[in-house]
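In what follows, a structure is listed as structure tokens, so that the remarks can point back to it.
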Amino acid sequence: MKKISRHQMRENAFILVFEKMFQDETVEEILNVARECEEMEVTPQVEEMFRGVWQNLDAIDAVIEPNLKKWTKDRISKVSLAILRLGVYEMTSGSDVADDIIVSECVKLATTFAHEDDVSFVNGVLGSIVRSRAAK
């Protein structure tokens, strides 16, 4: 298995998180299909991030929801929600990556996969989360 960049790792994990939002299959089934298709590299880090998001989904959403400011989780795009979940997971999982880098990487994902308006939305929500974490 070849080594992939952290950005590519996040992108692959994002794709799996996004896909799971539309599938009734288990995390394991989605991982197996991803490995079989060989369209993306499923490294141990990608798998860990994907599993981590789904194993901690309620706690992650509990961090996101108070920071939505006049929005509800059900109103935001699935792409933005998947990116926010991935970002919050990485911030709260004991990652060795600084929060500002995680935010920057999530904004890059939004730039690639989301609508233009979603980019500033993702940046704003994650920025609010970073500030509230710093205040604790």
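The values are calculated or read from the model by the stated rules, or taken from the named source; none is laboratory data. Please read these numbers as outputs of a predicted model, since none were measured by experiment. Cβ coordinates were reconstructed from backbone atoms using ideal geometry, including for glycine residues, and neighbour counts include every protein chain displayed. SASA here: full protein model, heavy atoms, side chains in, ligands and nucleic acids out. Shrake-Rupley method; radii C 1.70, N 1.55, O 1.52, S 1.80 Å.
With everything on Cα atoms, drop me the angle between helix 116-134 and the longest principal axis of the chain, reported from 0 to 90° to the nearest 10.
Orientation of helix 116-134: about 70 degrees from the principal axis.
So, R0 is 22 Å and r is the distance between the beta-carbons of Asp96 and Glu28; what FRET efficiency does that work out to, to 0.05?
The formula returns an efficiency of 0.25 here.
Leaving out ligands, DNA and RNA, and with a 1.4 Å probe, what % of the accessible surface on the range 50-136 is carbon or sulfur?
50 percent
Kindly state, to the nearest 0.05, the FRET efficiency for Arg6 paired with His115, given R0 = 22 Å and r defined as their beta-carbon distance.
0.35
When log10 I(q)/I(0) by the Debye sum over Cα atoms at q = 0.11, 0.21 Å⁻¹ is calculated directly from the model, which label among (i) -0.44, -1.24; (ii) -0.36, -1.34; (iii) -0.48, -1.33 fits?
The calculated read-out lines up with (ii).
Can you compute log10 of I(q)/I(0) for the range 72-136 with the Debye formula, treating each Cα as one identical point scatterer, at q = 0.19, 0.25 Å⁻¹?
With no solvent term, the Cα-only Debye profile gives -0.65, -1.08.
Can you tell me the orientation of helix 6-20 relative to the chain, as the angle in degrees between its alpha-carbon axis and the longest Cα principal axis, to the nearest 10?
Helix 6-20 sits roughly 90 degrees off the main axis of the chain.
Put a dot 7 Å past each Cα toward the Cβ at Thr72 and Leu57; how far apart are the dots in nm?
The modelled label-to-label distance comes out at 1.8 nm.
Comparing Arg35, Arg85, Arg51, which has the greatest mean-square fluctuation in the GNM of the chain with Cα pairs linked when under 10 Å apart?
Arg35
Counting only heavy atoms of protein chains, what accessible area per residue, in Å², does the chain have with a probe of 1.4 Å?
57 Å²
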